[in-house]
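The structure appears below as structure tokens.
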Amino acid sequence: MFRNASKSLFMSDHGGELWMNSAVRFFVIEDVMRYYGYHSVLHVEADNMLYGSINSIWSTLQLNYTSMTATRLTPGRFVTASVLWVPRLETLTMLNDYLIDLALGDRNGTWNGYIQHLRVNNCITTRGNGIEGHSGSPIKPFCVNEMSMLAYFDYLFPGNFSYLPLMPTLDFKPAQQQRADYALGGSKTRGPIGVGIWDSGSWGQHLGGTHGKHGRDAGRFVDMGHVISVALTQFQCVVHMLCGNRTVLEGRMYNGEPMPDDYKYCFTAPFVRCQSSAQWTPLWNLHVHS
């Protein structure tokens with residue numbers, strides 16, 4: 001139903017229909033949960049690399065993250081399902097009901113509210129190929145995607161959404177609070193998961209680059225609209241691939257000292273260090289767009 005109703009909503013990519021299928025997957029996940037009787041699901045997008053045992057954090061997710069949880073990309077505009085935690089089927093059903101409302105048009109005012117939310121978050125264009133809303137400037141076609149739909153869902157139902165931490169705990173200034181909310185201990189998260197942080201797409205792009213409109217961006221790429229840009233530019237955070245261990249994410253930190261003898265399984269994993277701190281914080285995943 002959603003696929004048929006939403007064909008005119010998304011920008012076409014001449015057959016692949018990336019944006020439409022990126023939203024359709026939430027209905028696929030719901031079908032899988034119903035068919036197999038799954039109570040909870042952790043969905044990870046295919047362009048992610050994982051660096052820790054999910055089994056080690058399952059109980060923490062179930063205990064502390066009782067609402068649907070994802071990774072915030074930008075403060076207002078985009079939420080990625082780079083990693084999406086579905087604690088109960090009912091939380092996903094609520095999201096999918098909202099997506100159907102969007103696809104069917106202005107039932108309950110959902111579509112025009114969504115378009116206005118995009119306009120407020122600067123997704124407008126001065127060109128003639130924009131999407132018209134109820135009133136105001138046209139919307140950039142690219143902005144109509146599952147990321148902005150997740151962001152508007154959070155705006156409508158803030159108590160039904162939470163976020164995985166994206167940055168270490170830093171000495172944020174009041175003006176940086178909108179981004180500090182998504183750091184370890186931030187108000188938008190529901191507590192630590194081991195000692196690691198997560199990647200919505202920014203750390204992976206910074207480490208490996210991304211494809212831009214005019215060719216490939218070099219490594220150390222920073223999108224100033226992303227949540228973690230404040231960590232990269234104001235706190236001089238760096239990300240490096242270091243020798244890690246499967247126990248690190250579960251509660252141990254690597255502080256630059258020689259690996260102790262009880263590290264039996266050493267593997268290369270991404271770690272973040274900020275300013276002059278000796279402490280490296282491990283990343284659970286890298287979301288790579290290069």
* Determine whether Asp181 is more than 25 Å from Leu89 (Cα to Cα) and under 17 Å from the mean Cα position of the chain (by Cα). => yes
* Which of (1) open to solvent by less than 40 Å² (accessible area, probe 1.4 Å); (2) at pLDDT 75 or above; (3) assigned to a loop (DSSP other than H, G, I, E, B); (4) of a type in the set (Val, Ile, Thr) is the odd one out, the single condition Thr281 does not satisfy? -> (3)
* Taking the range 16-55 on its own, how many of its residues are of a type in the set (S, T, N, Q) and free of Cβ contacts under 8 Å to residues at least 24 places away in the same chain? -> 2
* Asked: Which is surrounded by 16 or more Cβ atoms within 10 Å (Cβ to Cβ) and in contact (Cβ under 8 Å) with a residue 60 or more places away in the chain, of Thr110, Thr80, Thr60?
  -> Thr80
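Yes/no per residue for (1) surrounded by 18 or more Cβ atoms within 10 Å (Cβ to Cβ); (2) modelled with pLDDT under 90; (3) part of a helix (DSSP H, G or I):
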site	(1), (2), (3)
Gly136	no, yes, no
Met147	yes, no, yes
Leu150	yes, no, yes
Phe153	yes, no, yes
Pro165	yes, no, no
Asp171	no, no, no
Arg179	yes, no, yes
* Asked: Does Thr233 fit the bill of being open to solvent by 50 Å² or more (accessible area, probe 1.4 Å), at pLDDT below 85 and not in a loop (DSSP other than H, G, I, E, B)?
  -> no
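The values are calculated or read from the model by the stated rules, or taken from the named source; none is laboratory data. Because the structure is a prediction, the values reported are computed rather than measured. Don't worry about glycine lacking a Cβ; one is built from the backbone with ideal geometry, like all the others, and counts go over all protein chains shown. Keep in mind that these areas ignore ligands, DNA and RNA; they rest on the heavy atoms of the full protein, side chains included. Shrake-Rupley method; radii C 1.70, N 1.55, O 1.52, S 1.80 Å.
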